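**Q** Dropping a structure here in structure tokens format, bear with me for questions.
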There are 2 protein chains.
Amino acid sequence: MMAAVSANADAPRPAAPPPKLGNAARRSASWTIAHTADDAAERPSGSQSIQRALVLLNLVGVLARDRPDGVSLAELTRVSGRPKASVRRILVALVAEGYVEQDPDTACYRLGLQAGVLGELAGNRADDLGEASTDSLIRIADASTETTFLTVRHGSYAVCTRRQEGPGPIRNYALAVGDRHPLGIGAGSLAILGALSDDDVEDVLASTATTRDHYPGFDDDTLHDLVHRSRHDGYALNDGRVIAGSWALGVAVHDAADRPVAALSVASIAERFDGARRDELAALLHAEARSIHAALTDSQKSRSARGRP
Amino acid sequence: MMAAVSANADAPRPAAPPPKLGNAARRSASWTIAHTADDAAERPSGSQSIQRALVLLNLVGVLARDRPDGVSLAELTRVSGRPKASVRRILVALVAEGYVEQDPDTACYRLGLQAGVLGELAGNRADDLGEASTDSLIRIADASTETTFLTVRHGSYAVCTRRQEGPGPIRNYALAVGDRHPLGIGAGSLAILGALSDDDVEDVLASTATTRDHYPGFDDDTLHDLVHRSRHDGYALNDGRVIAGSWALGVAVHDAADRPVAALSVASIAERFDGARRDELAALLHAEARSIHAALTDSQKSRSARGRP
DNA sequence: CGCAATGGTCCATATTGTGGACTATCGATC
DNA sequence: GATCGATAGTCCACAATATGGACCATTGCG
């Protein structure tokens with residue numbers, strides 16, 4: 001179990017940061033979002049304890065997701081790849097601030113009060129994308145009878161931010177809210193990657209190179225092929241490459257400025273992705289992606305109108 | 001504006017931590033939750049950068065709550081009371097991890113993608129209290145026509161975790177989700193304090209002494225009086241002591257082990273709290289508090305039953 | 001009764017975060 | 001258009017801070 005949980009083992013710690021690897025990236029005026037976590041090697045920007053704490057916080061959330069009792073310290077140390085003492089020190093700090101709580105009996109950790117509060121506060125924020133996509137997700141799940149996902153781009157990575165079960169008999173647990181993978185790994189993630197410019201694709205691949213060591217079968221060449229195929233087909237297909245037998249199909253969602261910021265995808269078993277059905281699903285997803293794009297464009301307009309009265 | 005936003009100015013930075021102030025606290029076997037933030041003085045526990053980052057993260061959330069454009073760096077430095085360079089360094093780290101995002105145009109900060117994800121993940125966690133209280137909050141808001149709050153105890157502090165608008169014409173903005181105040185300040189908060197043992201009350205007061213410097217009119221004597229009165233009345237009344245004209249009435253909610261872990265409260269203007277109505281509201285709140293207590297007791301039972309089959 | 005897990009603690013070390021001082025821009029106001 | 005007072009962002013010498021290996025205490029298993 002515990003399939004491919006966003007394997008956030010920090011960059012290769014022992015050795016030094018090889019100063020090669022052109023620090024391109026950020027060239028594209030895409031966003032102010034930095035390129036998460038594992039670029040750590042090339043970022044001595046003076047706050048690694050915080051960085052580690054935040055990664056660990058996320059880890060606690062993801063690992064404890066389906067475990068009401070929480071995660072053990074041992075497991076957290078194993079998965080995070082940091083020395084136990086460090087992990088514990090950080091956990092103590094997180095507990096002190098209420099972002100994590102520790103079960104007094106089992107000594108296991110899970111997300112705490114403040115995590116929920118933060119979510120409430122984040123919910124209030126004008127989340128156009130989340131807003132605009134809710135209905136689409138439900139419609140897709142109903143129409144396709146498959147589990148449906150919203151995946152959002154974050155730097156060189158993709159985060160699953162929403163998940164809608166379909167009415168069908170097949171449940172897919174390969175992807176859950178909070179999971180983060182390098183762009184290109186997974187259907188939605190690949191759809192986003194394919195929608196980027198060639199330059200951006202190169203930057204992303206360079207950025208995620210070390211992380212992708214944890215994903216066998218996703219070397220640069222393979223990803224180039226996948227991108228190529230996705231562009232040709234008009235949709236991204238994950239044919240069981242991450243988890244055997246778990247297939248998925250995704251298309252990118254573009255924001256008001258026409259940048260691919262997210263993706264819609266549906267997942268199921270291989271048998272449910274024969275040729276005809278693929279086209280059907282792709283059409284469905286494309287329609288909803290366009291609808292979301294339109295909604296984002298509208299809210300963008302009304303926003304700037306309100307901004308300068 | 002920006003009335004009493006949980007004034008989280010860190011402990012007195014310049015001078016040294018006066019090693020007096022008996023480090024009692026934690027004696028009561030209440031919870032593993034530490035006594036947040038401002039006890040910092042007496043906790044050199046080796047992770048202050050993380051502590052500061054988390055406090056700042058919360059600050060961003062609270063300050064940006066009603067401001068879609070976000071908070072400026074200047075404001076954050078002012079409110080947090082830390083040097084600008086530090087605040088910025090932390091913000092950069094938070095942005096890098098996606099917990100905060102920065103508007104490229106205005107350079108202002110607001111909660112980011114990961115904050116929402118964390119909320120989703122926290123939502124999945126068995127939040128018995130939140131679960132059990134939802135209906136109660138709605139019922140109270142409807143019946144009383146006032147704005148209704150759920151306040152949760154966290155160490156020596158109380159955090160507002162939920163808020164339900166009533167159908168009435170009066171809107172109360174004195175308290176919002178995410179606000180944190182020392183126990184005893186505010187109706188719900190005072191209700192919790194009053195439900196504690198005398199020993200615990202003393203510990204809490206000692207713990208929050210420095211924080212309460214920011215809350216004029218809440219010295220130890222006053223709080224002792226308020227606790228006394230609350231116990232006598234059977235409900236806690238905030239008669240406009242925090243914000244003039246803003247009154248509220250609260251009662252404590254006890255968990256399965258009969259510890260006061262939260263409070264229900266309703267807020268409005270002074271005129272709507274005459275003698276008769278107070279009793280009415282108190283009865284209403286008490287009924288719902290008992291109902292929540294019962295629900296918590298039940299889910300506790302079924303949990304332990306499931307635990308040992 | 002070891003053995004191999006677990007959670008938790010200590011403390012010398014130097015890496016890490018710190019924050020005062022500096023610069024760069026922007027938009028009023030004179 | 002020069003001056004002032006905001007703002008965001010950058011730099012870097014210094015030491016306080018986080019680090020993590022080694023250690024101890026319990027627990028559960030064979």
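**Q** Regarding A:ARG82, is this residue farther than 22 Å from B:GLN51 by Cβ and touching a residue at least 40 places away in the same chain (Cβ under 8 Å)?
**A** no
**Q** Among the residues of segment A:69-77, is any surrounded by fewer than 21 Cβ atoms within 10 Å (Cβ to Cβ) and within 8 Å of chain B (Cβ to nearest Cβ)?
**A** For segment A:69-77, residues surrounded by fewer than 21 Cβ atoms within 10 Å (Cβ to Cβ) and within 8 Å of chain B (Cβ to nearest Cβ): absent.
**Q** Any idea which of B:LEU57, B:LEU73 is near DNA strand D (Cβ under 8 Å from one of its atoms) and touching a residue at least 12 places away in the same chain (Cβ under 8 Å)?
**A** Going through B:LEU57, B:LEU73 in turn, just one is near DNA strand D (Cβ under 8 Å from one of its atoms) and touching a residue at least 12 places away in the same chain (Cβ under 8 Å): B:LEU73.
Yes/no per residue for (1) of a type outside the set (A, V, I, L, M); (2) at pLDDT below 95; (3) open to solvent by 20 Å² or more (accessible area, probe 1.4 Å); (4) assigned by TED's automatic domain parsing to the domain that holds B:SER156:
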position: B:ALA206; (1), (2), (3), (4): no, yes, yes, yes
position: B:ASP225; (1), (2), (3), (4): yes, no, yes, yes
position: B:ARG229; (1), (2), (3), (4): yes, no, yes, yes
position: B:ALA257; (1), (2), (3), (4): no, yes, yes, yes
position: B:SER265; (1), (2), (3), (4): yes, no, no, yes
position: B:LEU281; (1), (2), (3), (4): no, no, no, yes
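**Q** Just checking, how many residues over segment B:244-255 are within 17 Å of B:TYR173 (Cα to Cα) and crowded, with 17+ Cβ neighbours inside 10 Å?
**A** The qualifying residues number 5.
**Q** Ok, one more. On the given criteria, is A:ARG212 open to solvent by 40 Å² or more (accessible area, probe 1.4 Å) and of a type outside the set (Ser, Thr, Tyr)?
**A** Against the criterion (open to solvent by 40 Å² or more (accessible area, probe 1.4 Å) and of a type outside the set (Ser, Thr, Tyr)), A:ARG212 does not qualify.
**Q** Determine whether segment B:209-217 contains at least one residue that is under 25 Å from B:HIS286 (Cα atoms) and not assigned by TED's automatic domain parsing to the domain that holds B:LEU63.
**A** Among the residues of segment B:209-217, not one is under 25 Å from B:HIS286 (Cα atoms) and not assigned by TED's automatic domain parsing to the domain that holds B:LEU63, which makes the answer no.
**Q** OK, next. With the structure loaded, tell me whether A:ASP199 is open to solvent by 20 Å² or more (accessible area, probe 1.4 Å), touching a residue at least 24 places away in the same chain (Cβ under 8 Å) and within 19 Å of A:LEU226 (Cβ to Cβ) or whether it fails that test.
**A** yes
**Q** In segment B:83-180, which helices (runs of 4 or more DSSP H) lie fully inside it and hold 3 or more residues that are facing another protein chain (nearest Cβ under 8 Å) and either buried (at least 23 other Cβ atoms within 10 Å of the Cβ) or of a type in the set (S, T, N, Q) (or both)?
**A** Qualifying helices (runs of 4 or more DSSP H): B:84-96, B:113-124.
**Q** Determine if segment A:89-101 includes at least one residue that is closer than 24 Å to B:GLN48 by Cα and acidic (Asp, Glu).
**A** Yes, segment A:89-101 contains at least one residue that is closer than 24 Å to B:GLN48 by Cα and acidic (Asp, Glu).
**Q** Considering (1) at pLDDT below 90; (2) open to solvent by less than 20 Å² (accessible area, probe 1.4 Å), say which one B:PRO44 fails and leave the rest.
**A** Evaluating B:PRO44 over (1) at pLDDT below 90; (2) open to solvent by less than 20 Å² (accessible area, probe 1.4 Å) leaves (2) as the failure.
The values are calculated or read from the model by the stated rules, or taken from the named source; none is laboratory data. Please read all numbers here as calculations on a predicted model, not as lab measurements. So basically every Cβ, Gly included, is an ideal-geometry build from the backbone, and we count neighbours across all protein chains shown. Quick note on the areas: whole protein, heavy atoms, side chains included, nothing else; ligands and nucleic acids left out. Shrake-Rupley method; radii C 1.70, N 1.55, O 1.52, S 1.80 Å.
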